[in-house]
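Take a look at the structure set out below.
The values are calculated or read from the model by the stated rules, or taken from the named source; none is laboratory data. The shown structure was predicted, so the numbers you read here are calculated from the model rather than taken from an experiment. Here the Cβ positions follow ideal geometry from the backbone for every residue, glycine too, while neighbour counts run over all protein chains shown.
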């Protein structure tokens, strides 16, 4: 059975030193990107496959439906992965589908209308906050936190929810 070493929400997906540091820290042997747009765009898919190869980890890209199917059929085989999504909703859908996650890191969500900044680079809507709360309370993911890079300040979910 596979393992999600780290689940991360970051609109940039794979990028620079963040992924290099996270991949070393997590003990992962692969990166799974779950994003319908990237999975269905050959050009973008190649960009992320190339970027991910610099980490030394195997990179796989799935639609949300395909990732859920892969989990249901084989629990990600023997991969120890960093699971990446661009949105909280996608991560929430994976968790609701039964994908086991020990921790969820929120690391890069740009400011948009009707969002609240938890960190300068991580802004969420009230709907996102509700999904995160459900992931914690009902889906059993106890370690949900906001942190852009491993060396930066970490904000726990309970503290972030006080902003709503």
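Of all residue pairs spaced 6 or more apart or on separate chains, those with beta-carbon atoms under 6 Å, a first member in region 102-118 that is loosely packed, with under 15 Cβ neighbours inside 10 Å and a second member that is assigned to a strand (DSSP E or B) and at pLDDT 95 or above are 111/123; 117/123. For the structure I just gave you, tell me whether residue 21 is closer than 24 Å to residue 146 by Cα, in contact with a strand residue (DSSP E or B) (Cβ under 9 Å, 6 or more places away or on another chain) and in contact (Cβ under 8 Å) with a residue 60 or more places away in the chain. Taking the combined requirement at face value, the residue does not satisfy it. Restricting attention to region 87-101 and to residues that are free of Cβ contacts under 8 Å to residues at least 40 places away in the same chain and surrounded by 13 or more Cβ atoms within 10 Å (Cβ to Cβ), the residue that is farthest from residue 68 (Cα to Cα) turns out to be 93.
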